[in-house]
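Remarks on the structure that follows.
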Amino acid sequence: MPVKYPKQPRKDYECITVETDREGITWMTFNRPEKRNAMNPTLHSEMAQAMLEHETHPETKVIVLTGAGNSWSAGMDLKEYFRETDGDAQAQFRSYTDNRRWSWDSLVRGRKPVIAMVNGYCFGGAFIPLCNCDLAIAADDAIFGLSEINWGIVPGGVVSKVLVDTLRIRDAMYYAVTGRPFNGKKAAEMGLVNFSVPAKKLRAETVALARELMSKSPMVLAYTKQAIRQVRTMDMEQAYDYLIAKITALEAKDPERTRERGMREFLDKKSFKPGLGAVARPGKKATPKAAVKRVPKKKKK
Ligand code: ACO
């Protein structure tokens, strides 16, 4: 008997909310504002389910992770994730595994792009999903911190690892050993997030980025994010070989035949400039012209 997966994703969560809008953006919101969205075992279990369901749900095109209230997430719930599972090997294994399932397995291996929209406090364990999201935008006044040192643990659950994979070693070390908080602007300067914007523009900028991603062929986008992640740990020869195989697989599998259309539209029909924007997807309007200034042509003497 084939497995029957539910057609519609679950909606009735306790610690998160999940909504897909008409454009295909799925908004996953950590929803424990009274606890600054600290991640407890229930939140991890719910996120594991939501990520899996939306990764495979056709209506979801882009996922945005954000937080209710004034926090993105204050990290692991010290009471429910740590203290209450100390000495309970079964509970600890289950909650640690749920955490791993969504905040690194799903985020790193998923095909759909995920944007972290960091609206406020972001501490400790929250750096795992933050760094594993494909892209991140923060409010200028969001507050980040590796507070583990302040309460007596090493940044674990792979925080230290994602940190040094994302930041320069000087910055990773400085913030890990001091536990000093820093704001969204500083996070952008260090490359922890792609950019930061005033809080009142955060949602609009995130939607604009999500729309830009949705204008690309979904399979080309998925393969591209996989390629960027995978080559990081390869040497030059391995990367060359892997990328040839990846390109060949994409050419065979892309249902939108993007490569063929892209060349035809540029070389024969001259309908778009690949350097300045994406070829229109089948049945969709061309993407709005990128706000890129063209380099002026040199006048012939
Ligand atoms: N774990 C458990 N409960 C938390 C957490 C957390 N990480 N963060 C906040 N809470 C709870 C508080 O205990 C408090 O609960 P109560 O109302 O029952 O007393 C409630 O959320 C509100 O927190 P306040 O501290 O009162 O909120 P405030 O706005 O003054 O401060 C701040 C917010 C700065 C985020 C503060 O709560 C804080 O420092 N939290 C801990 C951050 C942290 O170090 N996280 C752990 C990182 S290490 C790791 O994740 C492995």
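Quick notes on this one:
- Charge sum, other residues only, whose C-beta stays under 13 Å from residue 31's C-beta, Lys/Arg counted +1 and Asp/Glu -1: -1
- Measuring spread by the Cα atoms of the chain yields a radius of gyration and Dmax of 21.0, 81 Å.
- Degrees between helix 218-231 axis and first principal axis of the chain (Cα, 0 to 90, nearest 10): 60 degrees
- Segment 82-184 shape via C-alpha gyration tensor axes, a/c threshold 1.5: oblate
- The HN-Hα couplings worked out from phi for segment 275-281 by the Karplus form 6.51 cos²θ - 1.76 cosθ + 1.60 (θ = phi - 60°) are x, 10, x, 8, 5, 4, 6 Hz, whole numbers, x standing for Gly and Pro.
- Positive-end residue, the chain charge dipole about Cα centroid, Cβ charges, pick of 152, 48, 115: 115
- For the chain, the relative contact order comes to 13 percent (Cα pairs under 8 Å, sequence separation of at least 6).
- The chain - share of DSSP beta bridges that are antiparallel (%, nearest 5): 25 percent
- Among 122, 133, sorting on how many other beta-carbon atoms sit within 10 Å of each Cβ, with the fewest leading, yields 133, 122.
- Filter on 273/301; 11/35; 270/298; 225/253; 35/200 - keep pairs with C-alpha separation over 25 Å: 273/301
- Summing Cβ point charges (Lys, Arg +1; Asp, Glu -1) relative to the Cα centre of the chain gives a dipole of roughly 2320 debye.
- 12 Å beta-carbon shell around residue 263, net charge (K/R +1, D/E -1): +2
- Surrounding net charge for residue 46, when Lys and Arg each add one and Asp and Glu each subtract one, Cβ distance under 9 Å: -1
Each reported figure results from applying straightforward, stated rules to the coordinates on display, with no laboratory input. Quantities reported herein were computed from a predicted structural model and do not represent experimental measurements. Every residue, glycine as well, gets a Cβ built from its backbone with ideal geometry; the counts of neighbours run over all protein chains shown.
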